[in-house]
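Enquirer: Just dropping this structure here.
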Amino acid sequence: MDADSFRESVETAKRTQLDRLGSSKLLLALTEADLSEPAVLRAAAYSEHAARGTFATWAADEADDDARAAFKATAAQEAHHLDRVLDALDEEIDLPDEPGVMHAYLRGREDAIERAAAGMVGRGLVSIRTHTQVIGFFVNEADEPRADLFRDLKAETEETLTTGLDLLADRCATDADWERARMVAEYVVQLAYDDYADGLAELGVDPKPLC
């Protein structure tokens, strides 16, 4: 396996979950059905805050020099993302102490392969779809500055995902390494989907698309 086929395999295995995470129902789940600009921005801020904490934690204890540098750079990027979202929000908010289900799992990964696969690829695939929905929301609100903000964040998330794939390509020496990476990446997507589906269920909304 190589980096491109790895991404393709994860997206293929989790196509249903990723497609549903990429639907307009995502913002309903993230905002508890409060589809206002402040609520969408708060949800985005919480996500960036959790990601910053995860990558900062990894940067502090990662033994692999190149992976540690990548995690440190990503933590700085997520901190910058958080600052930009908070500036757009223009109000004081309390950021959560708890990381949430997905990031709690990520912070339990202990080696470079699993961290790159789960945190940079699996989470990246979810985050790209989240950014796409937020971009669409602000386009519909005729708020191009905020839509452009999230276009920037989405592009940088794509770069982080590519960095994760490059790390895996350099570190996965055997089929067993690739399989371990695949399992954790897919599990992160599943965790994100289950959290999304649970959020919709609490609102009485079916996560399955209408036919």
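The values are calculated or read from the model by the stated rules, or taken from the named source; none is laboratory data. This one's a predicted model, so the numbers in the text were calculated from it and none came from an experiment. Neighbour counts are summed over all protein chains in view; Cβ atoms, including those assigned to glycine, are modelled from backbone coordinates with ideal geometry. Calculation scope for accessible area: heavy atoms of the full protein, side chains included, ligands and nucleic acids excluded. Shrake-Rupley method; radii C 1.70, N 1.55, O 1.52, S 1.80 Å.
Enquirer: Report, in debye and to the nearest 20, how large the dipole of the range 112-175 comes out about its Cα centre when Lys and Arg carry +1 and Asp and Glu carry -1 on their Cβ.
Expert: 220 debye
Enquirer: Which value at 222 nm does the chain reach when only helices count, each DSSP H run of 4 or more adding -39,500 (n - 2.57), with the total divided by all residues and rounded to the nearest 500 deg cm²/dmol? Write out the running numbers ahead of the final one.
Expert: Values: 10 runs with 159 residues, N = 211.
When only DSSP H runs of four or more count, the value is -25000 deg cm²/dmol.
Enquirer: So which chymotrypsin sites (Phe, Trp or Tyr not before Pro) in the range 1-106 are both in a DSSP loop and have at most 16 other Cβ atoms within 10 Å of their Cβ?
Expert: Sites meeting the loop and neighbour criteria: none at all.
Enquirer: Keeping all protein chains in place, calculate the accessible area per residue for the range 104-211 (probe 1.4 angstrom), answer in Å². It would help to have the intermediate numbers written out before the result.
Expert: On the way: 4900 Å² over 108 residues.
Value for the range 104-211: 45 Å² per residue.
Enquirer: Also, quick follow-up: To the nearest 10 square angstrom, how much accessible area does Arg182 have with a 1.4 angstrom probe?
Expert: Here the residue's solvent-accessible area equals roughly 60 Å².
Enquirer: How large is the accessible surface of Asp83 in square angstrom, using a 1.4 angstrom probe and rounding to the nearest 10?
Expert: Taking all protein chains as shown, Asp83 has close to 80 Å².
Enquirer: Ok, one more. Under a point-charge model restricted to the Cβ atoms of Lys and Arg (+1) and Asp and Glu (-1), what is the dipole moment magnitude of the chain relative to its Cα centre, in debye to the nearest 20?
Expert: Here the size comes out at about 540 debye.
Enquirer: If you don't mind, there's one more thing I want to ask. In whole Å, what is the distance between the alpha-carbon centres of the range 48-69 and the range 116-192?
Expert: 16 Å
Enquirer: Turning to a different aspect of this structure: Keeping the other protein chains in place, figure out the carbon and sulfur percent of the accessible area of the range 92-148, with a 1.4 Å probe.
Expert: It is 46 percent, rounded to a whole number.
Enquirer: Name the residue farthest towards the positive end of the dipole of the chain from the options Ala51, Val10, Gly164, assuming +1 on Cβ of Lys and Arg, -1 on Cβ of Asp and Glu, about the Cα centre.
Expert: Val10
Enquirer: So what are the ³J(HN,Hα) numbers for the range 83-96, from phi and the Karplus equation (6.51, -1.76, 1.60; θ = phi - 60°), rounded to whole Hz, Gly and Pro as x?
Expert: Once θ is set to phi - 60°, the couplings for the range 83-96 become 4, 5, 5, 5, 4, 5, 5, 6, 8, 7, 9, 8, 7, x Hz.
Enquirer: Can you compute the charge dipole magnitude of the range 87-129 about its Cα centre, using +1 on each Lys and Arg Cβ and -1 on each Asp and Glu Cβ, nothing else charged? Give it in debye, rounded to the nearest 20.
Expert: Its charge dipole is roughly 520 debye.
Enquirer: Given contacts defined as C-alpha pairs under 8 Å and at least six residues apart, what's the relative contact order of the chain, whole-number percent?
Expert: Reported as a whole number, the value is 32 percent.
Enquirer: Would you list which aspartates and glutamates come within 13 Å of Lys208, measuring only between C-alpha atoms, while excluding same-chain residues fewer than 8 positions from it?
Expert: Of all the aspartates and glutamates, those that pass the test against Lys208 - Cα under 13 Å, at least 8 places apart if same chain - are Asp19, Asp194, Asp198.
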